[in-house]
Amino acid sequence: MNCLKTMDLIYEYSGNKHDPQDSMPLFDQIQVWIHTFFCENCAGEVKRLEEARNILRRELFYLSPDLEDSIMMKIAAEEDMEITAVPGGLSTRGWVITGLIILVSLGTAFFGFDFKKIANETGISFLLPAGITIGIILTTYCVFFIGSHLKELSERFGL
């Protein structure tokens, strides 16, 4: 008998909840015993399998009914709670604060010393690209805000 056939037999009968040797036919038991007597690799594999089976027979983690109840309560609370944030994202308040910061920073960019110098050197041709850039940034921000809060906004305004 070769190693592959021996290990197939061992794995086939190892699914038994009781001792796999009880369910394996006697002739197969003899063949496996003879092969593992002469083959060190298969004998080691059988020994590791038996050790793993013994470890799994012991109860490694004790059941905790309190843990199950607390987890189920948290899941139920999450389902009942209105979602005011994008999963893993900012809350509505965070979005508004971020929007105000962006708006103030874009609005105050025109008051800097460098802006006056650049505007004087380039003239009115600089204001058009600056205005388009500010418009794109604000529009993009509003699109992401509205897209991430579409359900809340539709419920609030009855759409």
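Solvent-accessible surface (1.4 Å probe) assigned to Cys142 amounts to roughly 70 Å². Remark on region 93-159: ratio of C-alpha radius of gyration to 2.2 N^0.38 Å is 1.49.
The values are calculated or read from the model by the stated rules, or taken from the named source; none is laboratory data. Just so it is clear, the structure is predicted and the values come from calculations on it, not from any experiment. SASA here: full protein model, heavy atoms, side chains in, ligands and nucleic acids out. Shrake-Rupley method; radii C 1.70, N 1.55, O 1.52, S 1.80 Å.
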